[in-house]
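Notes to accompany the following structure.
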Amino acid sequence: MTWLFYLVPLAAVLALTFAAIFYRQMKKEDEGTPTMRQIAQYVREGAMAYLKQQYKVVIIVFAVLAVFFAILAYGFHIQNPWVPFAFLTGGFFSGLAGFIGMKTATYASGRTANAARRSLNAGLKVAFRSGAVMGLTVVGLGLLDISIWYIILNACVEEVSLAQKLVVITTTMLTFGMGASTQALFARVGGGIYTKAADVGADIVGKVESDLPEDDPRNPATIADNVGDNVGDVAGMGADLYESYCGSILSTMALGASAFYSVSTDMQIKSILAPMLIAAVGVLLSVISIFTVRTKEGAGMSQLLKSMSFGTNLAAILSGVATFGILALVFGTATNDWWQLSLSVVSGLLAGVVIGKATEYYTSHSYKPTQKLAESSQTGPATVIISGVGLGMLSTAIPVLAIAFAIILSFLFAIGFDVHSMMEAATLSKGLYGVAIAAVGMLSTLGITLATDAYGPIADNAGGNAQMSELDPEVRERTDVLDALGNTTAATGKGFAIGSAALTALALLASYIEEIKIALSRSGEMLNGIAGKVEAASASILDVLNHFNVSLMNPAVLAGVFIGAMMAFLFCGLTMNAVGRAASKMVVEVRRQFREIKGILTGEGTPDYKRCVEISTKAAQQEMLFPSLVAIIVPVIVGLVLGVAGVLGLLIGGLGAGFVLAVFMSNSGGAWDNAKKYVEEGHFGGKNSDCHHATVVGDTVGDPFKDTSGPSLNILIKLMSMVSIVMAGLSVTSLI
């Protein structure tokens, strides 16, 4: 089995190599006129300046948490001694993935605008290949980090048996997921506050009050808006998907080590290797599929969607087929495990495709829901907001049902539909492993899925560059088409991330129980299992649940469920209000500049772009800290007060409410944005009409929905799980 493992770091190197190739190809493209170069430089400098400030805050938080973990590990001996180091590397690689993606995007947007001067396909190619840099960087760094830690821990961890060693290795590796989740939350929240403060300020004063076009150079907030697209939608998204990708693989590895603990070490090793190899092959298939995305000149929204869908669907189909070969090679064909687990993976892939298609249907203005939303603008902004909220609520049905079916089918496939014994300890563990590996299947083609997501902000910035550089109207029309497509692909990517978070979080629940077993093993405590006293190391999931009385009749569980559901809404409330406060400052500043700097609106005066960038930067730094710390602190407090039962309730409540709320907010926001673009194309009066103003108001409401609060929820779900896993040693010493 050793040689198979080394395919994983090889796939990581392959991904990073192609990322470097695409980056160099992008840099060879002409950046355009001197004005285009200058605007791109403004955005690049603003984005880098913001990231430096954000990383200063994040480094302080990470240093404090690392010291805390070190005290628990080396002072009180209730924590694995590798945790502080794993935590720091997870945060570092997550931040690095976002940084590389953002740096690429800031160089690519001007070049995309210039390529669009030649043709629509040229602009699409530059933007999409540049987005692929982040997609391949995320999967490459993720697999590299996992490979390195597996090699280190395999050489350094010493346990009484190989079976126990494999459990310790995989649960320890889970803790670097907390570092990745913590960094991702700061990046998403901070970047989301930054970008939406600028975007809302630019829209309210620029579009509604002054009838300025999108990204007009006379608008003081337009540079800050373009900077925000990069720090929020690119750097934040890269960090976000990095932790999603790693979390799904790591939780499956940990669950595999424990699920087959009592079977054999050979099965443990196979179940640990399987998710890594599925992800590794997914890298190769993503690279192949990236080269298939192209379109014809004059293509409309539907044709562009077909081009993107062809690439992502091809990767998903090839991944599904390849999975059967991978698992047959790993598990062998002597038993049914290889094809049963393969079907579990396929169920995850199908759920991802269904969620993507549902998101596309509800958010693209090529379909009825968003067109009807635009039509509601004829009666004013109030009906636009009402219709958008209703659309978002309705849009939750298909993704939720898709995930529900994926959970049930992946579980049943893994156990061979042996429903009579599904609640027996061994069968339950095997079924949960099937659910976990379904999440890996959903994210196995993240290289191309994330490319379609990262493409959006690049196309958006390209449109801004074209407008501010006063290029031919034909160029702006091309970038608008690319931008509208980006809104849909971004919403699809967020739906994909949220869906995978739901499956991964379920696997993390089981991983939390495994970490509880390890914490109890350190103290030598016996468990009150379902059949009497049992040692912690050999206890099943059902034994642990029985020991801590985890049932719906336990008030600690019910209290935890309510607190978890509340956390989703509390977190969204904090981040929405943060955007509101920051946007208010931006509105006041833009109005001041229009009032005091003579000649801005006539083009004779120059706006103070730097002041708007400073306002967004300062607001984001001030506002991101509290919501992020709440997400870290609450699981610790619940664990200390309500114990293991309360924590499990917290995670279930947060998962249920957070998943549905995230889909609702992401889809409402995407639909509001594309409804505005539908009107701007000439429907219902076109630009600067009353209908246009109404849809702009809807878009400003939707901005924090889709770019701040909504996408942060899937990180919240997993971060609470990761914190609970890392702090499991404290949960077993609870007050209740």
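See the values below:
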{"read-out": "D690 accessible area, 1.4 Å probe, all protein chains in place, Å² to nearest 10", "value": "130 Å²"}
{"read-out": "Helix 237-259 axis, angle to the chain major axis (alpha carbon atoms, nearest 10°)", "value": "10 degrees"}
{"read-out": "Entries of K494/K718; K372/K677; K494/K676; K494/K687; K368/K676 with Cα pairs more than 18 Å apart", "value": "K494/K676; K494/K687"}
{"read-out": "Region 447-558 - convex hull of the alpha-carbon atoms, volume per residue in Å³", "value": "166 Å³"}
{"read-out": "For region 517-622, accessible area per residue (1.4 Å probe, heavy atoms of protein chains only), Å²", "value": "52 Å²"}
{"read-out": "Per residue solvent-accessible surface (Å²) - region 337-443, probe of 1.4 Å", "value": "39 Å²"}
{"read-out": "Whole-number percent relative contact order across the chain, with pairs defined as alpha carbons under 8 Å at least 6 apart", "value": "21 percent"}
{"read-out": "Alpha-carbon centroids, region 175-226 and region 258-330: separation in whole Å", "value": "33 Å"}
{"read-out": "Amide H within-cut-off set for G529, under 5 Å, with H built and near neighbours excluded", "value": "V534"}
{"read-out": "Amide H contacts of L212 (H built 1.01 Å from N, under 5 Å, at least 5 apart or other chain)", "value": "K207"}
{"read-out": "Rounded if a/c under 1.5, otherwise prolate or oblate - region 338-479, Cα gyration tensor axes", "value": "oblate"}
{"read-out": "Area accessible to solvent at I60, 1.4 Å probe radius, in Å²", "value": "110 Å²"}
{"read-out": "Dipole in debye (nearest 20) - the chain, about Cα centre, beta carbon charges: Lys, Arg +1; Asp, Glu -1", "value": "560 debye"}
{"read-out": "Gyration tensor verdict on region 614-664 (Cα atoms; rounded if a/c is under 1.5, prolate if a/b is larger than b/c, oblate otherwise)", "value": "oblate"}
{"read-out": "Binned Cα-Cα distance frequencies in region 42-177 - 5 Å width, integer %", "value": "2, 9, 14, 14, 15, 12, 10, 8, 6, 5, 3, 2, 1, 0"}
{"read-out": "Cα convex hull of region 164-244 - mean projected area over all directions, nm²", "value": "5.4 nm²"}
{"read-out": "Angle in degrees between helix 34-70 and the longest Cα principal axis of the chain, rounded to the nearest 10", "value": "30 degrees"}
{"read-out": "Largest to smallest accessible area among Y74, Y23 [probe 1.4 Å]", "value": "Y74, Y23"}
{"read-out": "Accessible area expressed per residue, region 68-158, with surrounding protein chains retained (probe 1.4 Å, Å²)", "value": "32 Å²"}
{"read-out": "Exceeding the 20 Å Cα-Cα cut-off - candidates K196/K357; K103/K125; K28/K103", "value": "K196/K357"}
{"read-out": "Lysines whose Cα lies under 21 Å from that of K165, excluding same-chain neighbours fewer than 8 positions away", "value": "K270, K430, K517"}
{"read-out": "Relative counts (whole %) of C-alpha pair distances in region 131-208, using bins that are 10 Å wide", "value": "15, 28, 24, 16, 9, 5, 2"}
{"read-out": "Rounded percent of accessible protein surface that carbon and sulfur make up, the chain, 1.4 Å probe", "value": "66 percent"}
{"read-out": "Label corresponding to Cα extents along the principal axes in Å when calculated from the structure given, among (1) 76, 70, 51; (2) 82, 50, 44; (3) 93, 67, 59", "value": "(2)"}
{"read-out": "Relative contact order of region 391-480, defined on C-alpha pairs under 8 angstrom at six or more residues apart (%)", "value": "19 percent"}
{"read-out": "Nearest-ten-degree value, helix 162-201 long axis tilted from longest Cα axis of the chain", "value": "20 degrees"}
{"read-out": "Region 102-165, relative contact order [Cα under 8 Å, separation at least 6], %", "value": "22 percent"}
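The values are calculated or read from the model by the stated rules, or taken from the named source; none is laboratory data. Quick caveat, the model's predicted, so the values are computed rather than measured. Using ideal geometry, Cβ is built from the backbone for each residue, glycine included, and neighbour counts are taken over all protein chains shown. Note: areas computed on protein heavy atoms with side chains; ligands, DNA, RNA excluded. Shrake-Rupley method; radii C 1.70, N 1.55, O 1.52, S 1.80 Å.
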